[in-house]
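Below: one structure, written as structure tokens.
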Amino acid sequence: MDNLRGIALMVAAMAGFALEDMFVKFAAQRLPVGQILVILGTGGAMLFAALALRRGQRLWGRALLSRPVLLRNAGEVIATSGFVTAVALTPLSSVSAIIQATPLAVTLGAALFLHEPVGWRRWSAIVAGFAGVLLIVRPGLEGFEPASLFAVQAVFGLALRDLATRATPRSVGSLQLATWAFAILVPLGAVMVVFAGGPVPVGGADAGRLAAALLFGVLGYYAIVEAMRGGEIAAIIPFRYSRLVFGMGLGILVFGERPDALTYGGAALIIASGLYTFWRERALSLARAQR
């Protein structure tokens with residue numbers, strides 16, 4: 001039952017994130033990306049700060065200035081600015097597919113910067129996964145969209161965030177990290193708004209869309225945390241890829257997108273590579289534990 005509950009929560013989290021992306025894309029049809037970052041950053045920081053205070057956690061401490069936390073926040077800035085820009089300018093189905101390469105980028109970063117051992121099988125999976133990204137982005141070909149590189153930027157930003165999280169001091173709580181991850185988006189968005197020519201008046205419809213995006217994002221965050229607390233990780237983690245199904249479905253049904261064969265093929269290659277990498281890492285962990 002724990003596994004079924006964990007799987008259901010993981011799928012619900014991915015659906016929440018996909019709906020968040022949809023509402024952001026709607027809002028980006030009229031509002032500049034920087035302004036969206038300011039609004040989401042302010043709202044998210046206030047929500048997570050309230051949750052932290054309710055649980056008796058401090059919002060500030062010297063550990064928040066440690067190198068891992070600063071690197072994590074830098075990764076969050078790189079990832080969120082790239083992702084929101086990609087959602088605004090490119091098809092949602094393509095962004096949803098490219099972002100699935102994040103676990104492969106984490107494995108790549110762990111091998112290059114943390115000197116974790118990675119055998120030829122996982123290296124092959126990493127190469128195959130990024131070949132899938134190239135099939136979707138297709139640089140140099142007729143269907144190339146330069147703005148799709150913002151999604152690739154998001155992948156590497158998320159990898160930096162996840163790698164830095166591993167070294168984050170235990171004294172820093174997850175709600176503290178979430179609060180400052182959102183807060184750091186506010187000055188970034190403000191700078192982007194200035195360069196975009198200034199803010200745009202936010203109408204009732206835009207406010208509603210951004211409120212919905214924030215709501216689904218927070219619910220997705222809560223669901224994924226709860227999913228990882230119960231059940232076996234090996235049974236739950238593969239269902240993270242359900243986000244691609246939701247993202248592509250919304251792109252097709254809501255925005256009238258029509259992914260081509262290269263996009264579908266690239267997405268399949270990314271998912272297959274990610275699942276194989278996860279399976280291989282788990283097999284190696286079990287083998288080490290039995291020695």
Do the conditions hold for Val191, that is, is it outside any helix (DSSP H, G or I) and either in contact (Cβ under 8 Å) with a residue 24 or more places away in the chain or among the charged types (D, E, K, R) (or both)?
no
Count - residues of the stretch 237-263 that are in a loop (DSSP other than H, G, I, E, B) and either touching a helix residue (DSSP H, G or I) at 6+ places or on another chain (Cβ under 9 Å) or not charged (D, E, K, R) (or both)
6
In the stretch 32-79, residues that are farther than 27 Å from Gln153 by Cβ, part of a helix (DSSP H, G or I) and of a type in the set (S, T, N, Q) total 0
Looking for something hydrophobic (A, V, I, L, M, F, W, C), in contact with a Leu (Cβ under 6 Å, 6 or more places away or on another chain) and surrounded by fewer than 19 Cβ atoms within 10 Å (Cβ to Cβ) - is there at least one such residue anywhere in the stretch 60-74?
no
With (1) in a loop (DSSP other than H, G, I, E, B); (2) at pLDDT 85 or above as the list, and Val172 as the residue in question, which single condition is left unmet?
(2)
Scope the stretch 155-181; condition closer than 19 Å to Gly132 by Cα and open to solvent by 60 Å² or more (accessible area, probe 1.4 Å); matching residues:
Phe156
Among the numbered criteria (1) open to solvent by less than 30 Å² (accessible area, probe 1.4 Å); (2) free of Cβ contacts under 8 Å to residues at least 40 places away in the same chain; (3) at negative phi, which one does Gly198 miss?
(3)
From the residues in the stretch 142-169 that are assigned to a loop (DSSP other than H, G, I, E, B) and farther than 27 Å from Glu116 by Cβ, which one is farthest from the chain's Cα centre (by Cα)?
Glu142
Can you tell me which residues in the stretch 246-270 are closer than 20 Å to Ser148 by Cβ and open to solvent by 40 Å² or more (accessible area, probe 1.4 Å)?
Phe246, Ile252, Val254, Phe255, Gly256, Arg258, Asp260, Ala261, Leu262, Tyr264, Ala268, Leu269
Hits in the stretch 112-154 (condition: hydrophobic (A, V, I, L, M, F, W, C) and open to solvent by 80 Å² or more (accessible area, probe 1.4 Å)):
Leu112, Phe113, Leu114, Trp120, Trp123, Val127, Leu134, Leu141, Leu149
Looking at (1) in contact with a Phe, Trp or Tyr (Cβ under 6 Å, 6 or more places away or on another chain); (2) modelled with pLDDT of 90 or more; (3) open to solvent by less than 40 Å² (accessible area, probe 1.4 Å), find the lone condition where Leu19 falls short.
(3)
Cβ pairs under 6 Å, 6+ apart, first in the stretch 229-252 and under 20 Å from Gly129 (Cβ atoms) and at pLDDT below 85, second among the basic types (Lys, Arg) and open to solvent by 30 Å² or more (accessible area, probe 1.4 Å)
Ala234/Arg282
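The values are calculated or read from the model by the stated rules, or taken from the named source; none is laboratory data. The shown structure was predicted, so the numbers you read here are calculated from the model rather than taken from an experiment. Because the Cβ atoms are built from the backbone with ideal geometry, glycine has one as well, and the counts that use them run over all protein chains shown. Quick note on the areas: whole protein, heavy atoms, side chains included, nothing else; ligands and nucleic acids left out. Shrake-Rupley method; radii C 1.70, N 1.55, O 1.52, S 1.80 Å.
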